[in-house]
Amino acid sequence: MSSPSESSSASEHEASDDNETQNVIREDLKGMTFEEIMKLKEELGAKVYKEAVLGGKSSKPQKPKAKTDLKRLNKNRPREMTTRRQVPFLGAEHRVERKKNLELRDPRFDEKSGTYSAETFKKNYQFVSQIRAKEVGQLKKKLDEVEDEAEKHNIKDTMQRLINKNVEDKKWHTKQKQLKKERSVIQKKHDLGQQPHYLTKKERRAKELVAQFEKLKNTGKLNKHMEKRRKKNAAKDRKRIGIE
């Protein structure tokens, strides 16, 4: 085994050789133009160039860092923690694991769920209308038991909102059936070689109003509907005259 004196002399000899090499490189660089030096730096790389000209990293053995003993001065005192490390939030480890394991997706904006079809969506969730109808029945029973006027008002608003949603869904399904009939008629005309008639928005609206009128007449609600429309138009007229 080599003695400490021999190893120190060997390291000094290597350091002197490195210094001589650096001096030779520096002398060569003095005779080169700035453009040639920059080209050489690009070819060698900035790291190699710096080590060759300025010298490599010092090979001195680094002293091991003193490990600070973070102890409590008293068992009733909290432990002293280092400020170099950020204190994790409570349950951070569990949240990271949950994010890795679970993939949260919103089917409305995810391409994996396919393209949105209003007709398919309405058909798949048609049972919601039945749930709303049951909720309206439950709210009617609750309305008879409640005595507070504010709570009664809230229950009535909720009932009306649920009824309106069911009415809108029913109108949508009726309109879709009518559009299917129109498409089938147009297709038959095409098959027979005839020119089909495409309904405009105005004609379709008039057709819907006629169907609504016939329905109200058959159910005996026509007079009530007309009275309601008359009051609504009268209120609009009063408002318009008051503004003018």
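Exactly one condition in (1) under 30 Å from the mean Cα position of the chain (by Cα); (2) open to solvent by less than 90 Å² (accessible area, probe 1.4 Å) is not met by Y125; state its number.
It fails just one condition, (2).
Could you tell me which of the residues K177, K189 is open to solvent by 100 Å² or more (accessible area, probe 1.4 Å) and either assigned by the TED database to the domain that holds F121 or in a helix (DSSP H, G or I) (or both)?
On inspection, the qualifying residue turns out to be K177.
Are there any pairs with C-beta distances below 6 angstrom linking a residue in segment 192-221 that is without any contact (Cβ under 8 Å) to a residue 12 or more places away in the chain and assigned to a loop (DSSP other than H, G, I, E, B) to a residue that is basic (K, R) and open to solvent by less than 100 Å² (accessible area, probe 1.4 Å), with the two at least 6 apart or on different chains, and if so which?
Matching pairs, first to second residue: P196/K189.
The values are calculated or read from the model by the stated rules, or taken from the named source; none is laboratory data. This is a predicted model, so every value here is computed, not measured. When we count neighbours, we look across all protein chains shown, and the Cβ atoms used for this are built from the backbone with ideal geometry, even at glycine. Side chains included, ligands, DNA and RNA excluded: accessible areas come from the protein's heavy atoms. Shrake-Rupley method; radii C 1.70, N 1.55, O 1.52, S 1.80 Å.
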